[in-house]
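Asks: Pasting in a structure now, in structure tokens, and then I'll have a few things to ask.
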Amino acid sequence: MRLFLGLWLPGQWRERLAGLEVPCPGVKWVEKENLHLTLRFLGEVDEKSLPSLQKHLASISLSPFTLQSSGPGAFPDRLAPRVLWWGVRGRTERDSQRLFQLKTEVDEALSRWGMAPEARGWRPHITLARVKEGARVYWPPQQNILLPPWPVTGFALIASTLTAQGPIYRNLCEFSLSGQEEKKG
Ligand code: 2AM
């Protein structure tokens with residue numbers, strides 16, 4: 001199974017960010033229901049390893065925190081974008097610390113489970129679109145969007161099935177920040 005850990009967006013974030021979509025040749029926008037913030041991409045994981053993976057993730061214990069928008073951005077840069085994204089940060093300095101603490105705790109739990117550390121640094125973002133080389137796209141958007149505070153109380157283990165029409169995501173389970181495995185999907 002191809003897995004990743006992430007945060008699903010609150011409804012208003014989903015609606016408003018999906019509303020930025022402008023049809024454009026060579027630009028593939030992420031489906032509204034697929035919008036998420038990736039905490040860690042795990043790649044292929046043997047289904048037999050799932051119970052131990054879930055046990056390690058359930059040991060994470062952290063206070064809930066609140067996110068806010070930090071505006072649009074692009075990878076590798078705005079002049080030749082290949083990924084259009086929307087950034088987030090904590091509503092307060094303390095919330096930002098907790099967001100990065102969550103990332104650290106996830107990475108440490110995965111290391112204890114036996115996964116090699118991630119090579120690249122982490123910038124909290126929601127991927128909105130992927131851009132083919134040479135495609136032209138107007139970014140950042142002209143319109144202002146208002147995104148409400150985003151309370152984060154847990155994170156999700158998500159399975160991704162790749163299809164010709166794009167990935168299909170399925171929630172395997174959610175972990176509350178109090179260290180409880182909440183539900184199985
Ligand atoms: P990103 O778009 O937010 O960068 C599910 O595939 C998610 O995992 C993607 O949204 C992507 O997050 C992230 N990801 C990180 N590394 C990846 C990789 N090597 N292959 C596919 N997805 C990856």
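The values are calculated or read from the model by the stated rules, or taken from the named source; none is laboratory data. Treat the numbers as computed from the prediction; the structure is a model and nothing was measured. Note that we place each Cβ from the backbone using ideal geometry, even for glycine, and neighbour counts take in every protein chain shown. The protein model used for the area step is the full one, side chains on, heavy atoms only, and it has no ligands, DNA or RNA in it. Shrake-Rupley method; radii C 1.70, N 1.55, O 1.52, S 1.80 Å.
Asks: Describe numerically, in nm with one decimal, the distance between label points set 7 Å from Cα along Cα→Cβ at residue 54 and at residue 24.
Replies: Placing both labels 7 Å along Cα→Cβ, they lie 4.1 nm apart.
Asks: Charges only on Cβ, +1 for Lys and Arg, -1 for Asp and Glu: so what's the dipole of the stretch 2-178 about the Cα centre, in debye to the nearest 20? Intermediate results must be reported in sequence, preceding the final value.
Replies: Values: 22 positive and 16 negative charges, 62 e Å.
Roughly 300 debye, rounded to the nearest 20.
Asks: Net charge within 13 Å of residue 80 by Cβ-Cβ distance, Lys/Arg positive one each and Asp/Glu negative one each, not counting residue 80 itself?
Replies: Working: positive: 78, 82, 132, 136; negative: 77, 133.
In short, +2.
Asks: Could you tell me whether the stretch 27-113 comes out rounded, prolate or oblate from its Cα gyration tensor? Rule is a ≥ b ≥ c as square roots of the eigenvalues, rounded for a/c under 1.5, then prolate if a/b exceeds b/c, otherwise oblate.
Replies: Numbers: a/c = 2.41, a/b = 1.35, b/c = 1.79.
Oblate.
Asks: Keeping all protein chains in place and using 1.4 angstrom, which order do 131, 137 fall into by accessible surface area, from largest down? Kindly include the intermediate steps, with their values, before the conclusion.
Replies: Numbers: 131 10, 137 30 Å².
Largest to smallest exposure gives the sequence 137, 131.
Asks: Taking a point 7 angstrom from the Cα of residue 120 along the C-beta vector, which residues in the stretch 14-34 have backbone N less than 12 Å away?
Replies: none
Asks: Just flag the trypsin sites (Lys or Arg not before Pro) in the stretch 62-112 sitting in loop per DSSP whose Cβ has no more than 14 other Cβ atoms within 10 Å. Before the final figure, lay out each step's value.
Replies: Working: sites: 78, 82, 89, 91, 94, 98, 103, 112; in loops: 78, 82, 91.
Listed in order of number, the matching sites are 78, 82.
Asks: Given 0.36 nm per residue, what is the gain on full extension from residue 33 to residue 111 after removing their alpha carbon distance, in nm?
Replies: Working: separation 78, 0.36 × 78 = 28.08 nm, distance 3.01 nm.
Once the chain is fully extended between residue 33 and residue 111, it gains 25.1 nm.
Asks: Stretch residue 63-residue 133 to full length: gain in nm at 0.36 nm per residue minus the Cα-Cα span?
Replies: Working: separation 70, 0.36 × 70 = 25.20 nm, distance 4.14 nm.
Result for the pair: 21.1 nm of gain on full extension.
Asks: Which distance in Å, rounded to a whole number, links the C-alpha centroids of the stretch 42-63 and the stretch 139-170?
Replies: 21
Asks: Compute and list, largest first, the equivalent-ellipsoid semi-axes of the stretch 2-178 from the alpha carbon gyration tensor, each √(5λ) rounded to a whole angstrom.
Replies: Values: eigenvalues 151, 79, 42 Å².
For the stretch 2-178, the semi-axes come out at 28, 20, 15 Å.
Asks: If you don't mind, another one. Sort the following peptides by mean Cβ neighbour count (other Cβ atoms within 10 Å, averaged over residues), highest first: 43-52, 167-176. Let's see the in-between values first.
Replies: Working: 43-52: 10.6, 167-176: 16.5.
By packing density, highest mean first, the sequence is 167-176, 43-52.
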